[in-house]
Amino acid sequence: MIAASTTVVAVIGDPVRHSLSPVMHNAAFAHAGLDWAMVALPVRAGDGAAAVSAARTMGVAGLAVTMPHKADVAAAADHRDATVQRLGVANTVVFDGGAATAYTTDGDGLVDAMVSAGHDPAGARVLIVGAGGAARSIVEAMTRRGARAVTVANRTVARAEECAACADADASVGAIGLDDVGDVAAAVDIVVNTTSVGMAGTDSEGALVVPAAALRPEHLVVDIVYHPLQTPFLVAADAVGAATLDGLAMLVHQAVRQQMLWTSQTPPASVLRTAALGALGLADS
Ligand SMILES: NC(=O)c1ccc[n+]([C@@H]2O[C@H](COP(=O)([O-])OP(=O)(O)OC[C@H]3O[C@@H](n4cnc5c(N)ncnc54)[C@H](OP(=O)(O)O)[C@@H]3O)[C@@H](O)[C@H]2O)c1
């Protein structure tokens, strides 16, 4: 029950009413028996810094941050962890004694999801398709956590090059266009779709960003799109016998890291996943 004693965290975004963060985080708080609650607060584009200031004033304990505020919030925070300093974006704020510290849990969330599914990217050759905000945090985290070689493929090659520049200094990275994606896919261990291709309700619904013929049974195929949960890309990967990881895995594990930052406790990922699946009207698998 929410009471005067309840510690409040909020997810901010524009739009934000579709966010799965409140159901995941509130399930985790309830599971841990914590007197905490998350609400979703619509914050207009351009008001991210004002939202940090307002949250600090009102004693909000932390923020989860979605589009379009990730860069504004990173800039507005009093402190930034090393990854936020490198990428210039944040998806999490912790308020401690009035000071706001910004973190980003997206890329590490995906790597955690892979590790917990038995697919540590350390030492692996990885193809990352897409070069947007999500891809940048994934390239940074995968190379920091030991991926042997990463190739970024994108429709706009200049963006692939910018994304590859987010890699850890010691990593082997390259950037290509989508024309060569099939050849490269055949020579890697892990293929990750970070584009919105295949997402329900878009022009590319039903489309594949990597030709199905390039997929192998030895691959781990990851899609960070989670609507639908079984994207066309994952269906094609499953058909050739490849291991797959759906987009909810990343969403859940980045939220687990947010819980650790806010509460210093680690909730079971399964609690958050079950809550998210329930909100999506899907059964657990
Ligand atoms: N599971 C999770 O936790 C999680 C987290 C974050 C994001 N996501 C999902 O990941 C996707 C990307 O998010 P983002 O924030 O990185 O978006 P973004 O910054 O807008 O980047 C979009 C990417 O998709 C590419 N793209 C879009 N339409 C395409 C098409 N028709 N053909 C080929 N490439 C296309 C873009 O290529 P260009 O550069 O050429 O335009 C770009 O690389 C979204 O579906 C989002 O919902 C999931």
Query - Within region 74-231: Cβ-based charge dipole about Cα centre, in debye rounded to nearest 20 (Lys, Arg +1; Asp, Glu -1) - result: 100 debye
Report summary line: Under a Gaussian network model of the chain whose springs join Cα atoms within less than 10 Å, the largest fluctuation of V240, V197, V150 belongs to V240
Requested in this report: Starting from the exponent 0.38 and prefactor 2.2 Å, build the expected Rg for region 61-155 from its residue count and divide its actual Cα Rg by it.
Outcome: 1.15
Query raised in the report: Picking from A76, A243, A30, which is most flexible by a Gaussian network model of the chain using Cα springs under 10 Å?
Result: A30
Query raised in the report: Looking at the chain, what % of the alpha carbon pairs are farther apart than 34 Å?
Result: 18 percent
Report task. Calculate the translational D of region 191-241 in whole µm² s⁻¹ from Stokes-Einstein, where the hydrodynamic radius comes from the Kirkwood formula applied to all Cα pairs, the temperature is 37 °C and the viscosity 0.692 mPa s. Result -> 305 µm²/s
**Report entry** Neighbourhood net charge (10 Å Cβ-Cβ; Lys/Arg +1, Asp/Glu -1) for G98
**Finding:** -1
Query raised in the report: Hey, can you rank 245-252, 263-270, 182-189 by average C-beta count inside 10 Å, highest first?
Result: 245-252, 182-189, 263-270
Query - Candidate residues D223, D78, D170: accessible-area rank, largest first, probe 1.4 Å - result: D170, D78, D223
Report task. For n ≥ 4 DSSP H runs only, could you compute -39500 (n - 2.57) per run for the chain, divide by its residues and tell me the 222 nm figure to the nearest 500? Result -> -11000 deg cm²/dmol
Query raised in the report: Any idea of the accessible area per residue across the chain, 1.4 Å probe, to the nearest Å²?
Result: 43 Å²
Report task. Using only alpha carbons, build the gyration tensor for region 145-212 and give me the equivalent ellipsoid semi-axes, biggest first, whole Å. Result -> 22, 14, 11
Requested in this report: Would you work out what percent of the accessible area of the chain, with all protein chains in place, is carbon or sulfur (probe 1.4 Å)?
Outcome: 53 percent
**Report entry** Relative contact order computed over the chain (Cα-Cα under 8 Å; 6+ residues apart), in percent
**Finding:** 15 percent
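The values are calculated or read from the model by the stated rules, or taken from the named source; none is laboratory data. It should be emphasised that the depicted structure is a prediction, and the values quoted were computed from it without experimental measurement. We place every Cβ from the backbone using ideal geometry, glycine too, and count neighbours over all the protein chains shown. The accessibility values were calculated without ligands, DNA or RNA, using every heavy atom of the protein model including side chains. Shrake-Rupley method; radii C 1.70, N 1.55, O 1.52, S 1.80 Å.
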